[in-house]
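Colleague: My questions will all concern the structure given below.
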């Protein structure tokens, strides 16, 4: 669970955890009632915390564990099945595709994907080289960290930012044809921002906002943060980095060209990339499982039991029956099959669900219809014979930002010191993602490389060994990178109630769509609603 | 070598490298002459580049390899010996202490250190738990990266900053008794800075500095970077983090208290810690060898040959003779010994060298005397039975900054997912380091823990299993954490000439003292000066 430190006292969540440990489900549910948290209607989960179902909830109450069909072996589906299975539920997971993880897709050598247009790519990556084609990073506060730790998945730093990565804005200001380091761009922009604010402060422009003491505190910060000269001006400095760094014996270092004028620095629009590092979902440190993000889902499948997860089994119908639910699917041998169960948790894209035969009615269908389609996003993995970004450019991870249609280049956070490596050659969304998606895989590679050469030189072309690209809106049964809910809509709240014995889960059912964190929490709440109902009816 | 990208063309360094590869030493030196880089006097190394000595420099010229005594098995001494040995020199390294690495000191279970006061500590860390008591981090541009890669030492990210680590300023402003997250402090300070500069810009206070277009570019940056509201004001936001993060089903997250007023945020002095992340030596990404920094020096000793490195062998005299040098030392059996060699490279602290018997004369002695003493710095390693900073505080690495005398708490960048872990409980310098150094090891531990409890609660005390502390100015034969040269002084330049057949090396002989990078470059230049002389006389 998310255990935030609460210096002001014991949070309700911590209190419930404390009660839950070593107590029977009865005590837990009684305590929740006393706190005003007890479920008041069958489908109303407690609104503020996660209380995992436990085997003792059944053994101590004499209730029988139930059978649940989970549709979708992505993060939400597998987490649902994993939590239910831990508590003794009989679970069957049906997955349309050939692998677990959904949009958490790790591509390794030999992996094949066929898109909705029928185009097949097979990765020719070397052993140990992989590409996280979908979800790739985890913030420390995310519940994803709890799952990888509970599952014993080894993890390592994901290098979400790097002062030595480049910014390459060829359409604006001072940098066309000349990539600059993140650290240089930051030093210049923060230097000028500090200079300007110092100037305004000294002129008295902020006297209505600031006391004399405030002004001195502010100037003190700006002087240091902006590397200002004693006269309050910015004129560059060591934090920009060097053409050749200082070494010894009076080699003081060869400065980089610049800084440009304040107008040039502002016009270069390098600052558009800096808020990312402050972003609540993106700020470092971030983490990744060693060996690929789908390691999480391989581990979950192991825990659930491989025999309980059916791949290549697309669902065609989910219906409530008098006694529970009936799920219809096409088995991997091509035959139609049905499973009867007490409940279903469906964790597929909402626009895909609407194509199923169902009897959940027009309101639920309309609520699912609020998600019209998944957004496009694309990535290409480029395997190189050498790690020239490390050898020649001294970039050991992180992200180069550009205003080209490749958008970003990601350097690998793993495999340091190995001979070969894999770069994400584009990670783009919207119109750029559609443009790449409409190309053949070879055309995508050529375009990404053509642009990357502008930053990294000819090795970006000559060292390339193989590539694999994904266009998320063309992946069968997934059809998009993400879809954001209107969490205030009546339809969204309706979906939280479920439909009869069917519950909905997915990152799109969360407050943090497009993240595994959201998918996991949606799964927890669906599981909790289901379990609360089992325990109280 | 430092291979900086030079988009503008081939640098002199790259050209020399290109010439060097596959060419004889004769061609190399001839080329250098044509470029005006050839040594003009025996002790004048080429001033702009590193050209490693090669075995072929001897085999192709018929010259005989020479014998060199290296004093000191720290980074400068071992790198000197390593480079010389690769080229066929006969090297003997004399080290006063019992281990290699100098101020790069990794403490593992069973390691013992006795300080100059005779106080002995023996580490009781578990297997796999270690403490880098000295050098701990490597920037990407540093030559240290080249050595760990050449030696095949595995490496990983060193977490030099973490948005989820704390800032705890108990003596100033709004935070006493209440640690706040780095991300929260940043959001608030950057938010107000953006608000103030937007306001001043809108008021026309900067019209003499900025064009209308500049102003729009600036406002656009500040709006995003400071998470400003449409009215240009800062009122908090998601980037501050949450008391409870958003999850699913209309749990939008529980905000943290705050933000305080602009006066409160400025008075809290949280901003004093933010320039660190922009610092040219400290900006992320940074790296560390897996398993401890001294892995570098263990590997170098292997490469040099263990039989060529004599530990517990403090030098007492270095003298030029008619044919070379004579080095006197006390062997590990307590007997005085002498070695005759062609040259010596001495890489010991300068204030220690002055105690040796020498015949390098008063000018060199005075130049060494410019380094009066090493500065104090201290660290304590605290082994904990559980990783509560990860479990309870969601801090997976990085540094908590404080205004207490412990100064900083470092969370480990290794061992994620393991049961136990080691925190650096203080890393301080100056008066704070002297204060801790004057305590017993147990007193140091108690004081560090008493302060850490204010941030992490009682687990910081109750989970503690063992500690080990270092006070660098009390380590025999080292006597300080660092000493900075006046690189403009005549004395410093005199030391670069060497004294007869004796050359000086050490981070204190570099442009970047206190870093392995500086030590390595000083070694390279000493080696180069020596080798150039061998090749040209």
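The values are calculated or read from the model by the stated rules, or taken from the named source; none is laboratory data. Worth saying up front: this structure is predicted, and the values here are computed from it rather than measured. In this analysis, Cβ positions are derived from the backbone assuming ideal geometry, glycine residues included, and neighbour counts consider all displayed protein chains.
Colleague: Which count do you get for residues in the stretch B:183-198 that are under 22 Å from residue A:216 (Cα atoms) and at the interface with chain A (Cβ under 9 Å from one of its Cβ atoms)?
Modeller: Residues meeting the conditions: 10.
Colleague: Tally the residues that are in a loop (DSSP other than H, G, I, E, B) and either in contact (Cβ under 8 Å) with a residue 12 or more places away in the chain or in contact with a strand residue (DSSP E or B) (Cβ under 6 Å, 6 or more places away or on another chain) (or both), restricting the search to the stretch A:391-425. Steps first, please.
Modeller: Of the residues in the stretch A:391-425, the ones in a loop (DSSP other than H, G, I, E, B) are A:392-397, A:403-407, A:412-420.
Now drop any that are not either in contact (Cβ under 8 Å) with a residue 12 or more places away in the chain or in contact with a strand residue (DSSP E or B) (Cβ under 6 Å, 6 or more places away or on another chain) (or both), which leaves A:392-397, A:403-407, A:412-416, A:418-420.
Residues flagged as in a loop (DSSP other than H, G, I, E, B) and either in contact (Cβ under 8 Å) with a residue 12 or more places away in the chain or in contact with a strand residue (DSSP E or B) (Cβ under 6 Å, 6 or more places away or on another chain) (or both) within the stretch A:391-425 amount to 19.
Colleague: For the stretch B:331-345, indicate whether the set of residues that are in a helix (DSSP H, G or I), modelled with pLDDT of 95 or more and outside the structural domain of residue B:188 (by the TED database) is non-empty.
Modeller: Scanning the stretch B:331-345 turns up no residue that is in a helix (DSSP H, G or I), modelled with pLDDT of 95 or more and outside the structural domain of residue B:188 (by the TED database).
Colleague: Here's something else I'd like to know. Do we have residue A:201 as facing chain B (nearest Cβ under 7 Å) and over 38 Å from the mean Cα position of the chain (by Cα) here? Don't jump to the end; show me each part of the working.
Modeller: Working: facing chain B (nearest Cβ under 7 Å): no; over 38 Å from the mean Cα position of the chain (by Cα): yes.
Here the answer is no, as residue A:201 does not meet what is asked.
Colleague: Consider the stretch B:314-326. How many of its residues are over 26 Å from the mean Cα position of the chain (by Cα), crowded, with 17+ Cβ neighbours inside 10 Å and not in a strand (DSSP E or B)?
Modeller: 1
Colleague: Among the residues of the stretch B:161-170, is any in a loop (DSSP other than H, G, I, E, B), more than 7 Å from chain A (Cβ to nearest Cβ) and at pLDDT below 95?
Modeller: For the stretch B:161-170, residues in a loop (DSSP other than H, G, I, E, B), more than 7 Å from chain A (Cβ to nearest Cβ) and at pLDDT below 95: present.
Colleague: As an exercise: evaluate residue A:196 against (1) over 30 Å from residue B:521 (Cα atoms); (2) touching a residue at least 40 places away in the same chain (Cβ under 8 Å); (3) not in a helix (DSSP H, G or I) and give the number of the one condition it does not meet.
Modeller: (3)
Colleague: Run residue B:285 past the list (1) surrounded by fewer than 23 Cβ atoms within 10 Å (Cβ to Cβ); (2) within 40 Å of the chain's Cα centre (by Cα); (3) modelled with pLDDT of 95 or more and report the number of the one that doesn't hold.
Modeller: So residue B:285 meets the others, but not (1).
Colleague: Any residue in the stretch A:131-140 that is more than 19 Å from the chain's Cα centre (by Cα) and outside any strand (DSSP E or B)?
Modeller: Just the residues of the stretch A:131-140 that are more than 19 Å from the chain's Cα centre (by Cα), to begin with: none.
Within the stretch A:131-140, not a single residue is more than 19 Å from the chain's Cα centre (by Cα) and outside any strand (DSSP E or B).
Colleague: Given the criterion free of Cβ contacts under 8 Å to residues at least 12 places away in the same chain and either in contact with a helix residue (DSSP H, G or I) (Cβ under 8 Å, 6 or more places away or on another chain) or more than 9 Å from every other protein chain (Cβ to nearest Cβ) (or both), identify the matching residue among B:303, B:322.
Modeller: Numbers: B:303 fails: free of Cβ contacts under 8 Å to residues at least 12 places away in the same chain.
Being free of Cβ contacts under 8 Å to residues at least 12 places away in the same chain and either in contact with a helix residue (DSSP H, G or I) (Cβ under 8 Å, 6 or more places away or on another chain) or more than 9 Å from every other protein chain (Cβ to nearest Cβ) (or both) holds for just one of B:303, B:322, which is B:322.
Here is a yes/no grid of residues against (1) in contact with a strand residue (DSSP E or B) (Cβ under 8 Å, 6 or more places away or on another chain); (2) at pLDDT below 95; (3) within 30 Å of residue A:294 (Cα to Cα):
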residue: A:18; (1), (2), (3): no, yes, no
residue: A:31; (1), (2), (3): no, yes, no
residue: A:74; (1), (2), (3): no, no, yes
residue: A:82; (1), (2), (3): no, no, yes
residue: A:86; (1), (2), (3): no, no, yes
residue: A:89; (1), (2), (3): yes, no, yes
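Colleague: May I ask you to list pairs of residues, at least six apart or on different chains, whose Cβ atoms are under 7 Å apart, with the first in the stretch B:143-156 being within 7 Å of chain A (Cβ to nearest Cβ) and the second being part of a helix (DSSP H, G or I)?
Modeller: The qualifying pairs are B:155/B:148.
Colleague: I would also like to ask the following. One residue is enough: does the stretch B:515-532 have a residue meeting the conditions free of Cβ contacts under 8 Å to residues at least 60 places away in the same chain and either buried (at least 23 other Cβ atoms within 10 Å of the Cβ) or over 30 Å from residue B:385 (Cα atoms) (or both)?
Modeller: So the first thing to find is which residues in the stretch B:515-532 are free of Cβ contacts under 8 Å to residues at least 60 places away in the same chain, and the list is B:518.
Filter once more, keeping what is either buried (at least 23 other Cβ atoms within 10 Å of the Cβ) or over 30 Å from residue B:385 (Cα atoms) (or both): B:518.
Checking the stretch B:515-532: at least one residue is free of Cβ contacts under 8 Å to residues at least 60 places away in the same chain and either buried (at least 23 other Cβ atoms within 10 Å of the Cβ) or over 30 Å from residue B:385 (Cα atoms) (or both).
Colleague: Quick one: which of B:481, B:471, B:448 is surrounded by 18 or more Cβ atoms within 10 Å (Cβ to Cβ), out of contact with any helix residue (DSSP H, G or I) (no Cβ under 7 Å at 6 or more places or on another chain) and touching a residue at least 60 places away in the same chain (Cβ under 8 Å)?
Modeller: Just a single option satisfies the conditions, and that option is B:448.
Colleague: At pLDDT 95 or above, outside any loop (DSSP other than H, G, I, E, B) and out of contact with any strand residue (DSSP E or B) (no Cβ under 6 Å at 6 or more places or on another chain) - does that describe any residue in the stretch B:225-234? Spell out the reasoning first.
Modeller: Applying the first criterion (at pLDDT 95 or above) to the stretch B:225-234 yields B:225-234.
Those left that are additionally outside any loop (DSSP other than H, G, I, E, B): B:225.
Next, only the ones that are out of contact with any strand residue (DSSP E or B) (no Cβ under 6 Å at 6 or more places or on another chain) stay: B:225.
Checking the stretch B:225-234: at least one residue is at pLDDT 95 or above, outside any loop (DSSP other than H, G, I, E, B) and out of contact with any strand residue (DSSP E or B) (no Cβ under 6 Å at 6 or more places or on another chain).
Residue-by-condition table, conditions (1) within 22 Å of residue B:217 (Cα to Cα); (2) surrounded by 23 or more Cβ atoms within 10 Å (Cβ to Cβ):
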{"position": "A:202", "(1), (2)": "no, no"}
{"position": "A:218", "(1), (2)": "no, yes"}
{"position": "A:233", "(1), (2)": "yes, no"}
{"position": "A:243", "(1), (2)": "no, no"}
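Colleague: A follow-up question, please. Quick one: is residue A:348 within 25 Å of residue A:437 (Cβ to Cβ), touching a residue at least 24 places away in the same chain (Cβ under 8 Å) and within 28 Å of the chain's Cα centre (by Cα)?
Modeller: In short, yes.
Colleague: Residue by residue through the stretch B:271-282, note down the ones that are crowded, with 21+ Cβ neighbours inside 10 Å and either part of a strand (DSSP E or B) or more than 9 Å from every other protein chain (Cβ to nearest Cβ) (or both).
Modeller: Within the stretch B:271-282, just B:273 meets the criteria.
Colleague: Among the residues of the stretch B:254-268, write down those that are surrounded by fewer than 21 Cβ atoms within 10 Å (Cβ to Cβ) and either at the interface with another protein chain (Cβ under 7 Å from one of its Cβ atoms) or not in a loop (DSSP other than H, G, I, E, B) (or both). Steps first, answer last, please.
Modeller: First, pick out the residues of the stretch B:254-268 that are surrounded by fewer than 21 Cβ atoms within 10 Å (Cβ to Cβ): B:254-258, B:260-261, B:263-264, B:267.
B:254, B:255, B:263, B:264, B:267 - these are the residues of the stretch B:254-268 that are surrounded by fewer than 21 Cβ atoms within 10 Å (Cβ to Cβ) and either at the interface with another protein chain (Cβ under 7 Å from one of its Cβ atoms) or not in a loop (DSSP other than H, G, I, E, B) (or both).
Colleague: Here is a further query. If you check residue A:185 against the conditions, is it without any contact (Cβ under 8 Å) to a residue 60 or more places away in the chain, part of a helix (DSSP H, G or I) and not assigned by the TED database to the domain that holds residue A:523? Full working, then the answer.
Modeller: Details: without any contact (Cβ under 8 Å) to a residue 60 or more places away in the chain: no; part of a helix (DSSP H, G or I): yes; not assigned by the TED database to the domain that holds residue A:523: yes.
For residue A:185, the condition - without any contact (Cβ under 8 Å) to a residue 60 or more places away in the chain, part of a helix (DSSP H, G or I) and not assigned by the TED database to the domain that holds residue A:523 - is not met.
Colleague: Out of the residues in the stretch B:375-390 that are crowded, with 22+ Cβ neighbours inside 10 Å and assigned to a loop (DSSP other than H, G, I, E, B), state the one that is farthest from the chain's Cα centre (by Cα).
Modeller: B:387
Colleague: Of the residues A:218, A:222, which is over 30 Å from residue B:516 (Cβ atoms), more than 7 Å from chain B (Cβ to nearest Cβ), outside any loop (DSSP other than H, G, I, E, B) and within 38 Å of the chain's Cα centre (by Cα)?
Modeller: Numbers: A:218 fails: more than 7 Å from chain B (Cβ to nearest Cβ).
Only one candidate qualifies: A:222.
Colleague: Another question, if that's okay. Look at the stretch B:92-114 and say how many of its residues are surrounded by 24 or more Cβ atoms within 10 Å (Cβ to Cβ) and part of a strand (DSSP E or B).
Modeller: Let us first name the residues in the stretch B:92-114 that are surrounded by 24 or more Cβ atoms within 10 Å (Cβ to Cβ), namely B:93-95, B:100-105, B:107.
Add one more test, that the residue is part of a strand (DSSP E or B), and what stays is B:93-94, B:107.
Counting residues in the stretch B:92-114 that are surrounded by 24 or more Cβ atoms within 10 Å (Cβ to Cβ) and part of a strand (DSSP E or B) gives 3.
Colleague: Quick check on this structure: which one of A:258, A:271 is modelled with pLDDT under 95, farther than 15 Å from residue B:275 by Cα and under 38 Å from the mean Cα position of the chain (by Cα)? Walk me through how you get there before you give the answer.
Modeller: Values: A:271 fails: modelled with pLDDT under 95.
Exactly one residue qualifies, and that residue is A:258.
Colleague: Give the stretch B:392-404 a look and list any residue that's surrounded by fewer than 24 Cβ atoms within 10 Å (Cβ to Cβ) and at the interface with chain A (Cβ under 7 Å from one of its Cβ atoms), or say none.
Modeller: B:392, B:394 - these are the residues of the stretch B:392-404 that are surrounded by fewer than 24 Cβ atoms within 10 Å (Cβ to Cβ) and at the interface with chain A (Cβ under 7 Å from one of its Cβ atoms).
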